[in-house]
1. Quick check on my filter: what residues within region 291-311 are touching a strand residue (DSSP E or B) at 6+ places or on another chain (Cβ under 6 Å) and either at pLDDT 95 or above or under 12 Å from residue 383 (Cα atoms) (or both)?
2. Suppose the filter is at pLDDT 95 or above and either in the same structural domain as residue 71 (by TED's automatic domain parsing) or within 21 Å of the chain's Cα centre (by Cα) (or both); does residue 173 pass it?
3. Sort through 348, 338, 332 and tell me the only one that's assigned by TED's automatic domain parsing to the domain that holds residue 439, over 20 Å from the mean Cα position of the chain (by Cα) and at pLDDT 95 or above.
4. So, residue 281, is that one at pLDDT 95 or above, assigned by TED's automatic domain parsing to the domain that holds residue 458 and touching a helix residue (DSSP H, G or I) at 6+ places or on another chain (Cβ under 8 Å) or not?
5. Could you tell me whether residue 13 is part of a loop (DSSP other than H, G, I, E, B) and at pLDDT 90 or above?
6. So which residues in region 213-222 are in a loop (DSSP other than H, G, I, E, B) and either closer than 14 Å to residue 8 by Cβ or at pLDDT below 95 (or both), if there are any at all?
7. From the set of residues in region 410-435 that are in contact with a strand residue (DSSP E or B) (Cβ under 6 Å, 6 or more places away or on another chain) and in a loop (DSSP other than H, G, I, E, B), which is surrounded by the fewest Cβ atoms within 10 Å (Cβ to Cβ)?
8. Can you tell me which residues in region 220-261 are without any contact (Cβ under 8 Å) to a residue 60 or more places away in the chain and touching a helix residue (DSSP H, G or I) at 6+ places or on another chain (Cβ under 7 Å)?
C-alpha cells in the first residue's frame, strides 16, 4: 500500500503535530487513519476507517500526551474493502512484551511465508504485521539498544520481500524511534528536524512537504537498505546502510502520488511533471484552441504542454471534491465519484478544440466521464495527452493495480492495444502517452544514483532484478481472482 506515514520524536508533546501531519498526508490514503503516542509507559492510540478529519479532532488529541508518536493514512492493497475490514486493518499497530509500534508504507508480498516462522500470530491481515512481529521477536528478551535494533533490521532485510519504508517506536530503558527501508527504496521516506526554543524535534515522513509545513527543515532522503535510529540522548540520528543497491523509486510517486510541492531525492515533483508535459507537446503536437487540465492531477502536465506549444490553458473543468478516485476501494465507488466530482464549464469549452492533460490512464474510469461531459458541454474536438506510459502489469510493491483485467491499455489477450482503439473507447479524437524512455531521462537525468521502478509499464524487467522471478510467479497466481500475495 502506498500510504502516508509520519513519526515524530520531540522534547514536547507531539499529538497535535501528528494530527497536522496526517492531514497533510491525506492524499496518500483515504481508507483509514490513526495515531499512537507513548508517554511514560502509557500508550494512547486511536484509529478507524475513514478520513483524518472524521476520525480525530484537535480537542480530543490534546488528551494524548507523549513526546514520541506515529501516524498513518492508509491506502489499502491488502485485506478486505468493507468498513469493518478497513477499520480492522487500520494502522498504527503495536504489540507488547516488548512494546513495539509500527507504521508502514509499501507492500510485503511474502507475508504468509514470513509468518510461518514466527511464534506470534498476526491480529490483522495488513502486511505491517510481518514487519512488526518480526522486529518484536528479534528484540524479545534482549536489551533495547542501538546495536540490537541494527541486528533486528538485518533480519528484516534477509526475510522480507517487497517494498517497505516503515517507522517503529520501542520503549526499553529509554524510547527509540527507528526506520527501516527496503534495499531498493521503492517508497519514499524523509528525515527532517526542527529546533525551536532550544527544543529539538525529529520527523520521519513520506513527503518533504510535511516537514516544511510543520516548520522543520529537510535533512535527508533515508537511503535504501538502511536502519536509522533516533533517541534524544544522541546529537544526531544513527544510520547504518545494510544493503548498497541502486534505488528503484516508484515512478508513480513522480507521476501521481506525491504532491507537487514535495521533492524526492532533491528533485522537484512539480518540475518533473511540467517537463513531462513539455515533452508530450514536443513529441505529440496537436492543432487546438485550449488546454484543459483534469483537476488536479493534470495541471502540471498542462503547464508544460502550454509552455512548449503556446496553446493557452483554460480551466474548462471544475472539481467539487478533493477525494482521489484512483485510490478508492472499489470500481463502483470510482465510477460514482468520477461522475459526481468533476463538472465541465460550458462557456469555456463550447466550440473549442481541446487538449486534455492527465497524469495516467489506468482503468479509464475518470476520462470516459470527463470526455462525455466535455462533449455535452459543446467541445468540438478532444485530444488526450497522458504523462504516464500505458500500464500493462499489476504492481506488487504498493500501488493497488490488482489485475490485468483492469488495464484499459490491454485487450482480452493481454496484448497492448493501438492508441487509436483506446481513444475510441474513451471517446477522444486522439490519444498519446509518455514513454518509459522519457520518464527515465526526465526523472533520473542519467546522472543520479537512483533508478525508477517501471514494473507496471515494462514487465518484468522494470522491476528490480532480484524481484523479477518473484513477480512472474505472482502474476501466474493472479488467475485465482485474489490479490496474489494474499493467497
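1. Of everything in region 291-311, those that are touching a strand residue (DSSP E or B) at 6+ places or on another chain (Cβ under 6 Å) and either at pLDDT 95 or above or under 12 Å from residue 383 (Cα atoms) (or both) turn out to be 291, 292, 293, 294, 298, 299, 301, 302, 305, 306, 311.
2. Details: at pLDDT 95 or above: no; either in the same structural domain as residue 71 (by TED's automatic domain parsing) or within 21 Å of the chain's Cα centre (by Cα) (or both): yes.
So residue 173 does not fit the description; no.
3. Details: 338 fails: at pLDDT 95 or above; 332 fails: at pLDDT 95 or above.
Within the list 348, 338, 332, the selection yields 348.
4. Numbers: at pLDDT 95 or above: yes; assigned by TED's automatic domain parsing to the domain that holds residue 458: yes; touching a helix residue (DSSP H, G or I) at 6+ places or on another chain (Cβ under 8 Å): yes.
The answer is yes for residue 281.
5. Values: part of a loop (DSSP other than H, G, I, E, B): yes; at pLDDT 90 or above: yes.
In short, yes.
6. Quick first cut of region 213-222, residues in a loop (DSSP other than H, G, I, E, B) only: 214-216, 222.
Result: 214, 215, 216.
7. Start the filter on region 410-435 by keeping residues that are in contact with a strand residue (DSSP E or B) (Cβ under 6 Å, 6 or more places away or on another chain), which leaves 419, 422-423, 428-433.
Still in the running and in a loop (DSSP other than H, G, I, E, B): 428-429.
Details: 428: 23, 429: 17.
Within region 410-435, the match that is surrounded by the fewest Cβ atoms within 10 Å (Cβ to Cβ) is 429.
8. 260, 261, listed by residue number.
The values are calculated or read from the model by the stated rules, or taken from the named source; none is laboratory data. The structure displayed is predicted, hence computed values, not measured ones. Don't worry about glycine lacking a Cβ; one is built from the backbone with ideal geometry, like all the others, and counts go over all protein chains shown.
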